[in-house]
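Contents: one structure, followed by commentary.
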Amino acid sequence: MKKEFAVIGLGRFGGSICRELIELGMEVMVIDKNEEKINEFANIVSHAVVGNSVDENVLKSLGIRNFEHVIVAIGLDIQASILTTLILKELGVKKITVKAQNDYHEKVLKKIGADHIVHPERDMGKRIAHHVVSNNVLDY
Ligand code: ATP
């Protein structure tokens, strides 16, 4: 059965998640305040919306609470990331994954109830370190 996801913010991280979810056959709605980003994804997703996610009415009107999983992939604007997550929580979204910029950001996200917090650069750095070490071990 197809799951319904929403991705908020279409930078490199959000865009990559979105493309992969589509590859996996999922239904994806995307929201970004930048129209160019939305146009880039409009042809591959089920619903592409230009909007500011800190506006509660935008999220409400999109029926965001009915999505099984919402990914907040807003990067630099920590305030927008936190406020968006808070609104999603208040609207009763079941599962929320958020990209964190730093440890302080993560602390606040945890406090307001984000289900899953990721640090893409840090997490990928760890994975690659493990990968290069295990490759070296196999080389011997
Ligand atoms: P990445 O590293 O994933 O490329 P980034 O950390 O540089 O991203 P930004 O470019 O700041 O992050 O934000 C990612 C996307 O989120 C951008 O396309 C931006 O337009 C969008 N965005 C930022 N704030 C909002 C908001 N309040 N509502 C909707 N979209 C937003």
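Only the coordinates and a few stated rules stand behind these numbers; no lab work does. These numbers come from a predicted model, not from an experiment. As a convention, Cβ positions derive from the backbone with ideal geometry for all residues, glycine included, and neighbour counts pool all protein chains shown.
Considering only residues that are in contact (Cβ under 8 Å) with a residue 40 or more places away in the chain and in a helix (DSSP H, G or I), look in segment 54-80 and name the one that is surrounded by the most Cβ atoms within 10 Å (Cβ to Cβ). Per the stated criteria, the residue is Ile64.
Restricting attention to segment 105-140 and to residues that are closer than 20 Å to Phe13 by Cα and touching a residue at least 24 places away in the same chain (Cβ under 8 Å), the residue that is nearest to the ligand (Cβ to nearest atom) turns out to be Pro120.
Taking the criterion of being within 13 Å of the ligand (Cβ to nearest atom) and crowded, with 18+ Cβ neighbours inside 10 Å, would at least one residue in segment 43-51 satisfy it? Within segment 43-51, one or more residues are within 13 Å of the ligand (Cβ to nearest atom) and crowded, with 18+ Cβ neighbours inside 10 Å.
Exactly one residue among Ile22, Ile8 is within 15 Å of the ligand (Cβ to nearest atom) and in contact with a strand residue (DSSP E or B) (Cβ under 8 Å, 6 or more places away or on another chain), and that residue is Ile8.
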